[in-house]
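Since every read-out is calculated from the coordinates, none of them should be taken as a lab result. Given the structure is predicted, the values throughout are model-derived calculations rather than measurements. Virtual Cβ from ideal backbone geometry, glycine too; neighbours counted across all protein chains shown.
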Amino acid sequence: MTKEKLLLLDGNSLAYRAFFALPLLTNDSGIHTNAVYGFTTMLQRILEEEQPTKMLVAFDAGKTTFRHDTFTEYKGGRQKTPPELSEQFPYLRKLIDAYGIKRYELEMYEADDIIGTLAKEAATQDMDVIIVSGDRDLTQLATEQVTVYITKKGITEIEKNTPAFIEEKYGLTPLQIIDMKGLMGDASDNIPGVPGVGEKTAVKLLKEHGSVEALYEAMDTLKASKMKEKLVANEGQALMSKKLATIFTDAPIEVTFTELNYSGPNEEALIDVWQELGFKSLLEKSDFTIEEEERAPFDFDIVQEVQPEFLKDVMAIHVELEDEHYHTCRQLGIAFTDGTATKYVPFDVAVKSDILRRWLEDATKVKYMADSKASQAALNREGIHLAGVDFDLLLASYINNPALSGDDVATLAKELGYRDVQANESVYGKGAKRAVPDTDALAEHASRKAFAVWTLQPKLEELLRENEQYDLYKNLELPLAAILSEMESEGIKVNRATLEEMGQELNDKLVILEQAIYAEAGEAFNVNSPKQLGVILFDKLGLPVIKKTKTGYSTAADVLEKLKPEHAIIEHILMYRQLGKLQSTYIEGLLKEIHEQDSKVHTRFQQALTATGRLSSTDPNLQNIPIRLEEGRKIRQAFVPSQKDWILFSADYSQIELRVLAHMSEDPNLVEAFREGMDVHTRTAMDVFHVSAEEVDSNMRRAAKAVNFGIVYGISDYGLSQNLDITRKEAATFIDKYFASFPGVKRYMDDIVQDAKFNGFVTTILNRRRYLPDITSSNFNLRSFAERTAMNTPIQGSAADIIKKAMIDMDARLKKENMQAKLLLQVHDELIFEAPREELALLEKIVPEVMENAIELTVPLKVDFNYGATWYEAK
DNA sequence: TCTTTCACG
DNA sequence: ACGTACGTGAAAGAT
């Protein structure tokens, strides 16, 4: 029989802690949920770690307790419980019941007393006892059998108070904690103590005398001092305070230990509570099976022939695809609705219908869609050129709040309170069980999506107008989707043979390096395993440990760089890593993505994903093809134009983020630097180091460049010190000097954080928003992160606005000029085109012109360009 | 599925 | 006293 383990939780204290530690979350019905959420996450963790056999959550009952008989002002002057917290207690009780945990409260006693009484009793029955609270007072209950867990940093960390721990921390026994409070008092409980005595003095006195009573007995031996006077004058108060602080361990509790047996949650009840509270992440993480919500019945028809009268002037249409890989997956069918009648056409039927084809291509026929870029790309494959898209649910949701957007219609709809559409996962299944369902189920699913789009269109447009984001959505993101879809469908040609040849060479080098590493290590091991590599470097070879990760030794490149002088193996490992990365990600990875039919790769640009408004690129990611190191840069030799005698043409914005910063901050110094066409890093070095342009050496410029990066990222001395490998203090000096030279930037950074605190969000030049709920958090880390984000997002996001606008203008200009040149890729501050060589002269003229004039700033935008027979040469 | 590492702007 | 630079995606190993 294993030992019983009793877990006693201080319900009130933990709820308070969680409430103040977390931002005010609300569920769909507007109930605040942060305290319950925090309590739940903490409970989940403790249950997993401790595996208790018995549990109880104690609550305070009512306002008055026996302590008020001693001192009527006990807990007086306390702030009223915020209503946002009060409303959560019923849910907390429901939650605890669903977990199958005993709840208990007792008239006239506080939760502490219940816990103290049960802990004492349990210890006599030889149980292990763990108490969990946010209130340090409870540490007085610690004994060899009773450990008191006190939550720290809100609720994320736990301090385990054993008698030994308390001894080390204060030099006191757990029971002396009571004496300490008797002397120093406790403002939060309105316990007076002795005025002028704080923690330091109290601990000192108790180390000397042992207890409050012993201290007063020995009072005559103390030499006269202000302190002694205060002690003498407040003897009664000190003794009363000690009494108030003492947890009562003989409360008349009427529960048996059998009632406290814990055997796990009632899953069904717990799911219900979590759903009611809207704890999506917990529901997903748990392995509970969630029952489908009931949906209202829905009328739709499956048609095998498209009649012209089905197709109205304004419709919501949905192209149902097998999965998210819309360039390759099966297209299953098309649903369309006018809000009255909903029809589903299997895809093979749809493509054969000239009526439908003409309607899809007719720009005067208005279409509302869930994800127009995916649909357009999927239709492009059949030679259907979608036109007339007027609403895009995915993009509208993303602009409304970039943090929420999933890519499933059900998820997006649910965020707006619409539930009559199923999640893809529940229609198709997941993992190995994933399969396309029968036509009826498929048709219903697609039809419901079309209807959801129809229903949500007015709501979302209204929301966007309210926030003055309609223009951004309608005139930037929506037309951009069509352009991106063309870019993706066009694809970029990749020379398979070139990559294979490089792969062969890399392979030869990797084999040699691997052998050298084994020889230097004295054994063979998996160099790609950070764990095994850590053992070799730090245990076997005894190299100094510079940094640790949460799972072991760090073997990241910056760490290895520092170890280079220590051992010859390091250089080989770094080289192995570098070449291995090229081989696995860029040679093998890219080869897998080349389409057989056209020798091209067709990436997907995610337009509704990033928090800042940037695009991202997947399958393959063409926004991180190597360039910084020559070995990697050669990968770009495999990217070629799709036609003979064509070229690749690349144009990039110079210092766009710093120019945006100059524009937004209106810092005179920074503005001048750009207006004068100066090298901005050199200029920064001149101002920070107080030297002339000629005196700026490469080191100074390097440091200045790092500071400029830091400014854009939301500067911190720690980050800069890491980057430049200098001390934090030196980094702080750099930053101070920078802000002294660029006071406008300093003001901007301060203002933007204030704005974010006031509004709860930050915006870009085109009014893109990012909400920053953590900006008011009491958690230092969360708040600091939000503050840096507040500084960075307007910069990164506005740069994204600018290049997106340039893409739209460029598309129009290429059409106007009747050019064959095609835009293929966007890499954040760079556009890559392919074009016949004859168009080069015109490209050199119009690309910089269009890009530089995309959006007018108070400083000029500058564009550099290059071209060549491969992407490598277009540098 | 999560963690670590490393490629890009 | 707190402990990270901003934004991404892919591969490999560990779990």
*Tell me the label-point distance for the pair A:GLN820, A:ARG381, using the 7 Å Cα-to-Cβ offset, in nm and rounded to one decimal.*
2.8 nm
*Going by alpha carbons, how many degrees (0 to 90, nearest 10) lie between the helix axis of A:656-665 and the longest principal axis of chain A?*
60 degrees
*Given the pairs A:LYS54/A:LYS152; A:LYS531/A:LYS564; A:LYS757/A:LYS804, which span a C-alpha to C-alpha distance of over 26 angstrom in this model?*
A:LYS757/A:LYS804
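What number do you get for the range A:409-565 when its Cα radius of gyration is normalised by 2.2 N^0.38 Å, N = residues? Each step should come with its number before you reach the end.
Numbers: Rg = 27.1 Å, N = 157, 2.2 N^0.38 = 15.0 Å.
Relative to the rule-of-thumb radius for its length, the range A:409-565 sits at 1.80.
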_Using the Karplus curve 6.51 cos²θ - 1.76 cosθ + 1.60 with θ = phi - 60°, what ³J(HN,Hα) values do you get for each residue of the range A:168-174, in whole Hz, with x for Gly and Pro?_
5, 6, 10, x, 10, 7, x
*So how far, in whole Å, is the C-alpha centre of the range A:138-206 from the one of the range A:698-747?*
42 Å
*Work out the FRET efficiency for A:TYR216 and A:GLN125 from their Cβ-Cβ distance, taking R0 = 41 Å, and round it to the nearest 0.05.*
0.65
*Could you give the distance between the Cα centres of the range A:614-686 and the range A:786-801, to the whole Å?*
17 Å
*Please express the shape of the range A:513-586 as an equivalent ellipsoid: the semi-axes are the square roots of 5 times the eigenvalues of the C-alpha gyration tensor, given largest first in whole angstrom.*
18, 15, 12
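A:ASP299 to A:ALA693: FRET efficiency via 1/(1 + (r/R0)^6), r the Cβ-Cβ distance, R0 45 Å, to the nearest 0.05? Each step should come with its number before you reach the end.
On the way: r = 75 Å, r/R0 = 1.66.
Computed FRET efficiency for A:ASP299 and A:ALA693: 0.05.
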*Give me the distance in nm between label points sitting 7 Å out from Cα along the Cα-to-Cβ direction at A:VAL314 and A:ASP354, one decimal.*
3.0 nm
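Once the convex hull of the C-alpha atoms of chain A is built, how many Å³ does it hold per residue, rounded to a whole number?
Working: hull volume 203.0 nm³, N = 875.
Cα convex hull per residue, to the nearest whole number: 232 Å³.
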*Before anything else, pin down the relative contact order of chain A: Cα pairs under 8 Å, at least 6 apart, normalised by residue count, whole percent.*
9 percent
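Which three numbers, in whole Å and largest first, are the semi-axes of the equivalent ellipsoid of the range A:521-642 derived from its Cα gyration tensor as √(5λ)?
Numbers: eigenvalues 242, 63, 34 Å².
For the range A:521-642, the ellipsoid semi-axes come out as 35, 18, 13 Å.
Can you order the peptides A:358-370, A:33-45, A:442-454 by their average number of other Cβ atoms within 10 Å per residue, highest first?
Numbers: A:358-370: 19.0, A:33-45: 21.8, A:442-454: 25.5.
Taking the mean over residues of other Cβ atoms within 10 Å, the ranking is A:442-454, A:33-45, A:358-370.
Could you work out the equivalent-ellipsoid semi-axes for the range A:333-421, taking the square root of 5 times each eigenvalue of the Cα gyration tensor, largest first, in whole Å? Show your work: numbers first, answer last.
On the way: eigenvalues 124, 43, 29 Å².
Values for the range A:333-421, descending: 25, 15, 12 Å.
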*asked:* Report the Cα centroid-to-centroid distance between the range A:834-856 and the range A:423-465 in angstrom, as an integer.
replied: 41 Å
*Ordering of A:191-198, A:7-14 by packing [mean C-beta count within 10 Å, highest first]*: A:7-14, A:191-198
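What full-extension length gain, to one decimal in nm, is calculated for A:SER784 and A:ALA224 as 0.36 nm per residue of separation minus the Cα-Cα distance?
196.7 nm
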*asked:* Cut-off under 16 Å on the C-alpha distance; same-chain residues fewer than 8 positions from A:LYS63 excluded. Which aspartates and glutamates are left, in chain and number order?
replied: A:GLU73, A:GLU105, A:GLU107, A:GLU110, A:ASP112, A:ASP113, A:ASP189
_Additional length obtainable on full extension of the chain from A:ARG837 to A:ALA432, 0.36 nm per residue less Cα span_ = 140.9 nm
_Within the range A:328-370, backbone nitrogen closer than 20 Å to the virtual label 7 Å beyond the Cα of A:THR439 toward Cβ_ = A:330-337, A:342-357
*Residues A:ASP645 and A:LYS531, FRET efficiency given R0 of 51 Å [Cβ-Cβ distance, rounded to 0.05]*: 0.45
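When you count, for each residue, the other Cβ atoms within 10 Å and take the mean per peptide, how do A:704-715, A:724-735, A:425-436 rank with the highest first? Intermediate results must be reported in sequence, preceding the final value.
Values: A:704-715: 21.2, A:724-735: 15.7, A:425-436: 11.8.
The most tightly packed comes first, giving A:704-715, A:724-735, A:425-436.
Could you calculate the contour length gain from A:LYS600 to A:LYS169, that is, 0.36 nm times the residue separation minus the distance between their Cα atoms, to one decimal place in nm?
Details: separation 431, 0.36 × 431 = 155.16 nm, distance 6.54 nm.
The span from A:LYS600 to A:LYS169 would gain 148.6 nm if fully extended.
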*To the nearest 10 degrees, how steep is helix A:780-816 against the longest Cα principal axis of chain A, on a 0 to 90 scale?*
10 degrees
*Working from Cα positions, state the angle (0 to 90°, nearest 10) between the long axis of helix A:267-277 and the longest principal axis of chain A.*
70 degrees
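Within the range A:308-394, how many Lys pairs sit with Cα atoms under 15 Å apart, leaving out pairs fewer than 8 places apart on the same chain? If you can, show how the numbers build up before the last one.
Numbers: A:LYS312/A:LYS343; A:LYS312/A:LYS365; A:LYS312/A:LYS367; A:LYS343/A:LYS367.
So the count of such lysine pairs works out to 4.
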